[in-house]
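Since the structure comes first, as structure tokens, the remarks are kept for the end.
Since every read-out is calculated from the coordinates, none of them should be taken as a lab result. No experiment lies behind these values; they were computed from the predicted model shown. Please note: Cβ atoms are built from the backbone with ideal geometry, for glycine as well, and neighbour counts cover all protein chains shown.
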Amino acid sequence: MNRILPTIAAVLAGAVLQAGLAPYLSMGRVVPNFLLLVVVTIALVEGPGPGATVGFSAGLIFDLLGSGPVGPMLLVLTITGFLTGLMHENMFAEGWLLPLTVLAIATLSAEVAYGLILLLLGDGGPFWSTFFTKMLPGAVYNSALALLVYPWLAHFLRQERSITTFRRLG
Amino acid sequence: MKLPHPENPSNALGVVIVLVVASLVITTVWYREGDLGPIHKLRAGTHAVAAPLQATGEFVTRPVRGVLAWASDLGVSRSQLAALKKQNTELRSRVASLEEARQENERLRALFGFVQTAKLEAVGARVIGRPTNSWERVITIDRGSADGVRVGMPVLATEGLLGQTISVTNHSARVRLITDARSGVAAMIQSNRAEGVVKGSIEGQVTLAFVSRETTVKAGDVIITSGMGGVYPKGLLVGEVTAASQTPSSLFQDIKIAPAADLLGLEEVVVLTGTAPPTQIGGGE
């Protein structure tokens, strides 16, 4: 129970940030995806099952907050949460390079998958143009934000453990 | 230190399969159900809850955005200043000629009784929310059904057409901008009356589609709404042609447009409530 509440709090905080703050942190036309960062972090900390479940919830919130079709981000974050969670066993608490690498790959994969699904549904644009204007900048921006979000959120989610992630960053 | 594994991986695989199937079912239901379906209603509820959050974000970040805008204006270079002065001179001469046209237009309207077309009612609104993700160009305004706003109504800025309302709650509404990939506006080139459809895109590029190759189009041509389809009243300023080109394999010209209105920097808008909106929204809405 004491593990569920921080997870729910993290998802709700991600939803509030996505609705209230993310639009004002946009660079060009790229809006950060806080819900994606929450899903990937929780998946790394908790594992594939919680990662997929939280991905499902966060994806549904993301789709409902927007005005496009409901379902694409739901599917993307569910699978992203699961696959990222598979890396959970390899996460060393003191390490920072591996989590960040996983975060970067996960955000890029999620952006590309979302763009491809929109394309399949007839709501997307030309792939390469979309890749360079939306997917890649979005992944870079989210990865940069992950530098701020991941250590704090991982620490918050695992307060009962002695997480010292990023202390070796220097 | 390695983190302990809290679960059985085979259980996780079962969970993800169930959730993926649920995702596909929800996507299918979304496309199949109507506007009054459960998922659409859930979205409307989410938007109603999110509107105050967005308004708070808009309010809290306004001073910061003001400072940033002021700082960016400090960077106006000499060349930009010269260009602006030149543009000002051109605009002054254009205003003079347009004034002549306006007076002539007024006389004609009086003559033919076109004043009836000005029966449009409007309500002013403040922008309280910006796009919540990178993939859409949708803003939120602080007027809703309680103020007479309905789905499908045109929304304007002082500079020109912004878009159309796509969902409405009691005290807020979402407006799809003309730059959104799902947007389509029946429009025409003012000078030669050639008709087409102004379309947005994922990348944010706005184009005028379906204009035949025989039509002469040049940069600077003004685009206005054509009134076809009945969604937008005729004559609303949409933007200006920035480039026009032709490819041998295409039936139509490739025309790029710069929207007249500053679509994301705006703070106040006008909703034309007097128009009778047909249900042309697209994108499953």
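For the range B:12-65, a Kirkwood radius taken over Cα pairs fed into Stokes-Einstein (20 °C, viscosity 1.002 mPa s) yields D = 155 µm²/s.
The range B:165-230 and the range B:12-77 have Cα centres separated by 24 Å. Between A:TYR150, A:TYR24, A:TYR141, the Gaussian network model of chain A with springs among Cα atoms under 10 angstrom shows the greatest mean-square fluctuation at A:TYR24. The string of couplings for the range A:15-22 from the Karplus curve (6.51, -1.76, 1.60, θ = phi - 60°) is 5, 5, 5, 5, 7, x, 10, 3 Hz, one whole number per residue in order, with x for Gly and Pro. Site pair B:ARG78 and B:ARG102 shows an inter-label distance of 3.6 nm when each label is modelled 7 Å from Cα along Cα→Cβ. Spin-label pair B:LYS218-A:LEU25: with each label point 7 Å from Cα along the Cα-Cβ axis, the two points sit 4.8 nm from one another. The label-point distance for A:PHE156 and A:ILE4, in a model that sets each label 7 Å from Cα toward Cβ, rounds to 2.0 nm.
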